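The values are calculated or read from the model by the stated rules, or taken from the named source; none is laboratory data. Note that this is a predicted model, so its numbers are computed, not measured. Using ideal geometry, Cβ is built from the backbone for each residue, glycine included, and neighbour counts are taken over all protein chains shown. When the accessible area is computed, the model is the full protein with side chains, heavy atoms only, and any ligands, DNA or RNA have been set aside. Shrake-Rupley method; radii C 1.70, N 1.55, O 1.52, S 1.80 Å.
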Amino acid sequence: MKRRLLAALAAVALGAGMLVAGAAGPATASPLMVAKHVALGDSIAAGQGGGAPLDACARTDGGYPAQLDEEPKFNLLRNAACSGATIAGTLSQLSQLNRGTTVVTLTVGANDLGLDQVYAACSIAAAGGDPAPCLAAIQSAVSSAPGIVAPLTSLIGAIAERAPDATIVVTGYPYLLESPPDLPQFAQLAALVAAVNGATDALNAAIQAAVATAAASGVDVRYADVVDAFAGHGVQLVPGVPSDPWFGLDPVGDPAGYLHPTYEGYAAYTDVILEQLGR
């Protein structure tokens, strides 16, 4: 956010310098329109982990919808997202859209693939338990990923029908785990981390495919990839290795935020979404 402010100040200073030097004034830019925003989707879209839960859907004041609302000329009309929502379940949120909506954000798909089950099974394996349930959960998620393309494409189309003037930004998901040090004793753990993050890759690929299909039909929809934005901020499983995770790590003291992005993680989502919107 600070980068955007500095960029704006630099642009003003540059424009002033041109005028002082007697150069022709720049062409008048189109004024930035107020974004009338509705957020849809699952716990990530709700902002779970970004602060204290505000309701049964685990919406918070620190999720990316709330952070977008703090941006100039960005007005969050409604955050209809809810923890646990699937693609089919998100259809019930579309009643919050109307023809006045100009921006829709959507994060959904992880619950359809059972990524929470992957994390649960693989946390046991990472602690030295039986890896078989972890690998089975990963295989189930990866093999199920292509099956969400069609329903997600239909969901995006339904959003466009209810909000025909809206730009739709569909986000992906970040890697949960950070790779361990590249040492022989961590080879098995590294393989486990790669497999878990591979399930996220499969999910993101399916989301991208749905976005591309919807865009080809004429829908104004963009994909927001957050993997690079979270690089270096996953959960490090090797004790003592320096890390800066943007995920909640306290299942006892903060069960709602456990393994969900923190405020900093949602700030990364916010930046990527704004970039897709050209803001």
List the residue pairs whose Cβ atoms are under 6 Å apart, where the first residue sits in segment 93-106 and is within 10 Å of Ala45 (Cβ to Cβ), the second is open to solvent by 10 Å² or more (accessible area, probe 1.4 Å) and at pLDDT 95 or above, and the two are 6 or more positions apart or on different chains. Gln93/Ala80
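I'd like to check something: does segment 71-85 contain any residue that is in a helix (DSSP H, G or I), touching a residue at least 24 places away in the same chain (Cβ under 8 Å) and surrounded by fewer than 23 Cβ atoms within 10 Å (Cβ to Cβ)?
In the first step, residues of segment 71-85 are kept if they are in a helix (DSSP H, G or I); the result is none.
No, every residue in segment 71-85 fails to be in a helix (DSSP H, G or I), touching a residue at least 24 places away in the same chain (Cβ under 8 Å) and surrounded by fewer than 23 Cβ atoms within 10 Å (Cβ to Cβ).
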Those residues of segment 240-258 that are among the small types (Gly, Ala, Ser) and open to solvent by 40 Å² or more (accessible area, probe 1.4 Å) come to a total of 3
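Would you check which residues across segment 211-222 are in a helix (DSSP H, G or I) and either among the acidic types (Asp, Glu) or loosely packed, with under 15 Cβ neighbours inside 10 Å (or both) and list them? Step through it out loud before you land on a result.
Keep residues of segment 211-222 that are in a helix (DSSP H, G or I), which gives 211-216.
Hits for segment 211-222 are Ala212, Ala216.
Looking at segment 242-279, which of its residues are at pLDDT 95 or above and more than 18 Å from Thr107 (Cα to Cα)? It would help to see each step written out before you state the result.
Just the residues of segment 242-279 that are at pLDDT 95 or above, to begin with: 244-247, 260-277.
If the condition is that a residue be at pLDDT 95 or above and more than 18 Å from Thr107 (Cα to Cα), then Asp244, Pro245 are the ones that fit.
Take segment 159-210 and flag every residue that is part of a strand (DSSP E or B), open to solvent by 10 Å² or more (accessible area, probe 1.4 Å) and within 22 Å of Gln96 (Cα to Cα). Can you show your working first?
In the first step, residues of segment 159-210 are kept if they are part of a strand (DSSP E or B); the result is 167-171, 177-178.
So of that shortlist, the ones also open to solvent by 10 Å² or more (accessible area, probe 1.4 Å) come out as 167, 177-178.
Within segment 159-210, Thr167 is the sole residue that qualifies.
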Residue set Thr90, Thr101; condition over 14 Å from the mean Cα position of the chain (by Cα), in a helix (DSSP H, G or I) and more than 17 Å from Tyr269 (Cα to Cα); output residue Thr90
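In segment 104-120, which residues are farther than 30 Å from Phe74 by Cβ and either at pLDDT below 90 or surrounded by fewer than 22 Cβ atoms within 10 Å (Cβ to Cβ) (or both)?
Of all residues in segment 104-120, those farther than 30 Å from Phe74 by Cβ come to 113-114, 116-120.
Hits for segment 104-120 are Gly114, Asp116, Gln117, Tyr119, Ala120.
Restricting attention to segment 14-70, and to residues there that are assigned to a helix (DSSP H, G or I) and among the β-branched types (Val, Ile, Thr), which single residue is modelled with the lowest pLDDT? I'd like the intermediate steps shown before the answer.
Looking only at segment 14-70, we keep the residues that are assigned to a helix (DSSP H, G or I), and these are 14-20, 43-46, 64-69.
Those still in the list that are among the β-branched types (Val, Ile, Thr) too: 20, 44.
Numbers: Val20: 35, Ile44: 98.
That would be Val20.
Is it the case that Ser143 is within 30 Å of Val34 (Cα to Cα), open to solvent by 60 Å² or more (accessible area, probe 1.4 Å) and small (Gly, Ala, Ser)? Even if it seems obvious, please write down each step before you answer.
Working: within 30 Å of Val34 (Cα to Cα): no; open to solvent by 60 Å² or more (accessible area, probe 1.4 Å): yes; small (Gly, Ala, Ser): yes.
For Ser143, the condition - within 30 Å of Val34 (Cα to Cα), open to solvent by 60 Å² or more (accessible area, probe 1.4 Å) and small (Gly, Ala, Ser) - is not met.
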Unmet criterion (only one of (1) hydrophobic (A, V, I, L, M, F, W, C); (2) more than 16 Å from the chain's Cα centre (by Cα); (3) under 28 Å from Ile156 (Cα atoms)) for Ala268: (2)
